[in-house]
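The block underneath contains the structure these notes are about, expressed in structure tokens.
Rule-based calculations on the coordinates, nothing more; no lab input. The structure presented is a predicted model; accordingly, all values stated were derived computationally and were not measured. Please note: Cβ atoms are built from the backbone with ideal geometry, for glycine as well, and neighbour counts cover all protein chains shown.
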Amino acid sequence: DAGVIQSPRHEVTEMGQEVTLRCKPISGHDYLFWYRQTMMRGLELLIYFNNNVPIDDSGMPEDRFSAKMPNASFSTLKIQPSEPRDSAVYFCASSPTGSNYGYTFGSGTRLTVV
Amino acid sequence: QKEVEQDPGPLSVPEGAIVSLNCTYSNSAFQYFMWYRQYSRKGPELLMYTYSSGNKEDGRFTAQVDKSSKYISLFIRDSQPSDSATYLCAMSEKDDKIIFGKGTRLHILP
């Protein structure tokens, strides 16, 4: 299995622009998670899905952030409009169950908003 | 008080030494305890997984959970330069989202 695949690996964009991050979970994994990692705040859960349905989006910072999972093999995280404070590494992770056996993370997307 | 507390380090130890990494937590409902290892510019990878209190050993790694003290530890024996990474503790309630510590940066000096 290729693991969790994220794209792009790096993204540099100007403030105010729309940014879309993409994730392909491991086949057969029913749970998908979006995390954001910064030095100051560590790994923060933004939103997670179970069987393509959003379960908990309480970590989404504000309405500028949105996430979708149109099918079992694809998810997007969109930021519109982007701001410099959104600069971080965004990770997608998937799991066959909830939290019981941990998650498999992708390699992340390093976002820089200038 | 933050839900999970972890010393950020960095922690530098000579090769071959025993490493001790620790976390404390405040939520007594946590039942699942994990340690992840994260190399630079990579995603975290699951290293150890423990349910409830007790010890678990896997090769050079030992995870300990003391629920009465709300304290978990990871021990690395015979540390190697390849163990240099950031180690994140993580925990969750039953089948719920995982909460991560901020991670401890570990350097093993050859």
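A few comments on the model shown:
- Other residues within the sphere of radius under 9 Å centred on the Cβ of A:Ser7, judged by their own Cβ, net out at +3 (K and R +1, D and E -1).
- Nearest-20 debye value, the protein assembly as shown charge dipole, Cβ charges on Lys, Arg, Asp, Glu: 260 debye
- With viscosity 0.692 mPa s and temperature 37 °C, the Kirkwood radius over alpha carbon pairs of the stretch A:1-48 converts through Stokes-Einstein to a diffusion coefficient of 255 µm²/s.
- Its alpha carbons give chain B an Rg and a Dmax of 13.3, 41 Å.
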